[in-house]
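A short write-up of the structure that comes next.
The values are calculated or read from the model by the stated rules, or taken from the named source; none is laboratory data. Since we're looking at a predicted model, the values are computed, not measured. FYI the Cβ positions are ideal-geometry reconstructions off the backbone, even for glycines, and counts take in every protein chain you see. Protein only, heavy atoms only, side chains kept; ligands, DNA and RNA dropped before computing areas. Shrake-Rupley method; radii C 1.70, N 1.55, O 1.52, S 1.80 Å.
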Amino acid sequence: MSPSGAVCGDRYRGFELRQPFSVVQNRSFLGLFKGSWRQVLSVGVGTSLCAIPVGQRSEPGLSNESLIKRAASLVTDSTQTFLSQTTYALIESLTEYTKTVYALVSLQKKYTSLVNKLNSNEEGAIWQVIIGARVQMKNLQDEYLKYEGNWARAVRISEMAAEAAYLAGADQASVTVRNHIQLVQTQIQETRELALKAEALLAAFQSEEIKNEDKVNPPDGDSPRSRDGPISSLSDEEVPEAYLRED
């Protein structure tokens, strides 16, 4: 017999539950209610409670209020860990994405400065490097967007944990979580601004290159650069979304 079953058996030993089933079956239905209504109610409620698994006190000497405060504090600790990990992942992926954008800008500037001095093989080699940088930039963008979703969920969970701690009376735990949320939001905002700055630089360079090509070559120009250059040769579908943004 489980501990809960033993407790329930001891608690309601006074009620005639151990009689043979046949005896109970032979009683009239109304006979079960000859006792006082308090006795009948206590048996019904007690039997129901015995069927419900109820957690026991981890420390019997503490009040329910103290135990709830402690549990709320443990929840805020867990949410802060989740928030810290998602923040680190997002900052790291955003930083790598920003570095790749700057590397792509540098490659295209170098290509532009050397394009008239390169033979077809050299130009093709540089062009392949630029294509690889664009693919890497798109992959890193997908990665940071995934981590951004995780981070946003972590912020919402932390906000709910802070509210729950406050309502439970764990004021210090609530304040700690809210301060943590503000800190990571500031860190993420600063990292995002660096990424946007890099994207803006890339978009400005693209725009300038397109204008220069239009001046040097007519729309139907036959020069290899107008056909195969790193800007004019790609369709919109081949260029990463961030590459086309004009933030």
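If you roll a 1.4 Å probe over region 134-177 with all protein chains in place, what percent of the accessible area is carbon or sulfur? All intermediate terms of the calculation are to be shown ahead of the outcome.
Working: 1340 of 2360 Å².
Roughly 57 percent, rounded to a whole number.
Structure note, pairs Lys117/Lys211; Lys109/Lys197; Lys99/Lys146; Lys117/Lys138; Lys110/Lys211; Lys69/Lys146: Cα-Cα distances above 27 angstrom occur for Lys117/Lys138; Lys69/Lys146.
Packing-wise, with mean Cβ within 10 Å as the measure, how do 169-176, 91-98 rank, highest first?
On the way: 169-176: 16.8, 91-98: 19.4.
Result, highest mean Cβ count within 10 Å first: 91-98, 169-176.
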